[in-house]
Amino acid sequence: MRRRAKRAILKSIEYLWQVKNRMKKSFRLLIAATLAFPLAGQAQPKVIDQVVAIVGSQIILQSDVEKQYVQYMSQGSLPEETVKCGVFDQMILQKLLLNQAMIDSVTVSDDQVTDELDKRMRYFVMQLGSEEKLEAYFHTTIRQLKDELRDIIRDQMTVQTMQSKITKDITATPNDVRTYFEAIPPDSIPYMDAEMEVAHIARIPATSESEKKKLREQLEDYKAKVQAGADFSVYAALYSDDKATAKKGGELGYFARGSMVPEFEGAAYNLKPGEMSPVIETKFGFHLIQMIDRRGDQINVRHILLQPKISDDDMLKSYRFLDSLSTKINAGEITFADAAQQFSDEKETRHNGGLIINTENNTTKLSPDKMDRMLFFQVDTMTLNRASRPMLMQTPEGKSLYHIVMVKSRTQPHKANLKDDYQKIQEVVHQEKQAKALNDWVEKKRKITFIQIQSDFGICKEALSHWTSETSQIR
């Protein structure tokens, strides 16, 4: 499964990169579009690539359609002409949205595009294992890859922004939800998977002042040696606890504001090329940073990270604190939500009663197959609304800590109903209303937007005739 996911990711990036290279030719092709459409009766040479559709000021190349079709097929689908038709239809819709975005001056900022590129690159690197593996696959640097993909990502984000503008006032009221659900025939009501709501209180063991002092002095010593002529990258390679960057001399690569934790970013952006920061503390540990280069609002730095070692005594103190807190919760002396608000060290959950969020749909409902395996085994047989004894967990930063857990609700597989599944049904209704609003918008805009499709392109002419029913096709 993991290998298949990696292949899909590689295909996605590869497709975007190839499309970007073709887009460099788009303006020239648009200027010469009329020359690409032969006059009747003239013999024509074999076409290698051609404009197959024009939507306002936007064009679609035959190679664009073919590449997106190949991308779809790479995900394991069977070859079907109707699939290619659907790909082409979707591309026309995207171009219609882009064309209207240009008319309405709907844009996304350079910072937004850069942030999205950075997020995607971090995700790809995480999935593939390292920056080196990603760069080796494409025979280029991540910086060059991001430059190549920038316009594609900008178009994708512009389309999303335009869709949001069209549907921003759409809501699903309780009456909408009830009417929708009651209209479903009884034998068509879907079955829902088992789900649970889980809350936890995480406690990060305190780091002793002596340990902090030791790490600060160690980094200050490295800094003094670099100022005396030593190579910063050598010390990063030898001593940094950030193993992903240590083998590159601590170099992080170019990043923009908002990519790093505030303390790190604040120190890094105040540096000049070659300059080193004071020793700074973040949730990851202690850092010494050296500026490499600045390019506009992006910077490239290297760093040495030293992570505090948590003593057995500190872990034991954390365990005892949570054990006592669990006893008080189960005795009714304090609610789990209040305890999370006061004592949890996890900022993401402490303000919502400790409830863990499902990042896929932004709800508190977790299905067993989507939960962290360790967490599922911890809560699978727990009694509802009883705080657990302290249990070990791993943070995204790789730290071990103790937490206590409570299962707030649990449902078995069941037929959908308004009481247990209102949130999901509401989301379905909301999506359907948004789709209708978008369809109504498309129907209106297609009548007043110049749309032409190459008549001899040869795929799903009848299915795509709705785009050009009131305009002439390219000949």
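Taken together, the residues in the range 190-216 that are within 18 Å of K317 (Cα to Cα) and small (G, A, S) amount to 4.
Matching residues to (1) closer than 25 Å to Y123 by Cβ; (2) within 26 Å of the chain's Cα centre (by Cα); (3) basic (K, R):
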{"position": "G285", "(1), (2), (3)": "yes, yes, no"}
{"position": "R320", "(1), (2), (3)": "no, no, yes"}
{"position": "S326", "(1), (2), (3)": "no, no, no"}
{"position": "E346", "(1), (2), (3)": "yes, yes, no"}
{"position": "R350", "(1), (2), (3)": "no, yes, yes"}
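Note on the range 32-72: among residues that are at pLDDT below 80 and among the hydroxyl-bearing types (S, T, Y), the one that is surrounded by the most Cβ atoms within 10 Å (Cβ to Cβ) is Y69. When the residues of the range 163-180 are filtered to those that are assigned to a helix (DSSP H, G or I) and of a type in the set (S, T, Y), the one that is farthest from Q431 (Cα to Cα) is T179. Selection over the range 178-196 of residues that are loosely packed, with under 10 Cβ neighbours inside 10 Å, within 29 Å of V407 (Cα to Cα) and acidic (D, E) gives a count of 0.
Taking the range 404-413 as the range and being farther than 19 Å from T327 by Cβ and touching a helix residue (DSSP H, G or I) at 6+ places or on another chain (Cβ under 7 Å) as the test, only T411 passes. Checking each residue in the range 155-177 for being basic (K, R) and either surrounded by 15 or more Cβ atoms within 10 Å (Cβ to Cβ) or modelled with pLDDT of 95 or more (or both) picks out only K165. Quick one: is V405 surrounded by 16 or more Cβ atoms within 10 Å (Cβ to Cβ), among the hydrophobic types (A, V, I, L, M, F, W, C) and in a strand (DSSP E or B)? So V405 passes the test.
If you go through the range 144-154 and keep only what is at pLDDT below 85 and under 16 Å from N99 (Cβ atoms), you end up with nothing.
Residue check: is V442 assigned by TED's automatic domain parsing to the domain that holds Q90, under 31 Å from the mean Cα position of the chain (by Cα) and modelled with pLDDT under 95? The answer is yes for V442.
Considering each of T107, T140, T161 in turn, give the residue that is without any contact (Cβ under 8 Å) to a residue 12 or more places away in the chain and among the β-branched types (V, I, T). Result: T140 is the single residue among T107, T140, T161 that is without any contact (Cβ under 8 Å) to a residue 12 or more places away in the chain and among the β-branched types (V, I, T).
Quick one: what pairs do we get from the range 408-421, first residue at negative phi, second in a helix (DSSP H, G or I) and at pLDDT 90 or above, C-beta under 7 Å, 6+ apart or different chains? Final answer for the pair search is A416/I425; L418/R178; L418/F181; L418/I425.
Considering the range 350-380, the residues that are assigned to a helix (DSSP H, G or I) and in contact with a helix residue (DSSP H, G or I) (Cβ under 7 Å, 6 or more places away or on another chain) include one that is nearest to P205 (Cα to Cα), namely R350.
The values are calculated or read from the model by the stated rules, or taken from the named source; none is laboratory data. What you are looking at is a predicted structure, and each value in this text was computed from that prediction instead of being measured. All Cβ positions, glycine included, derive from the backbone under ideal geometry; neighbour counts span all protein chains shown.
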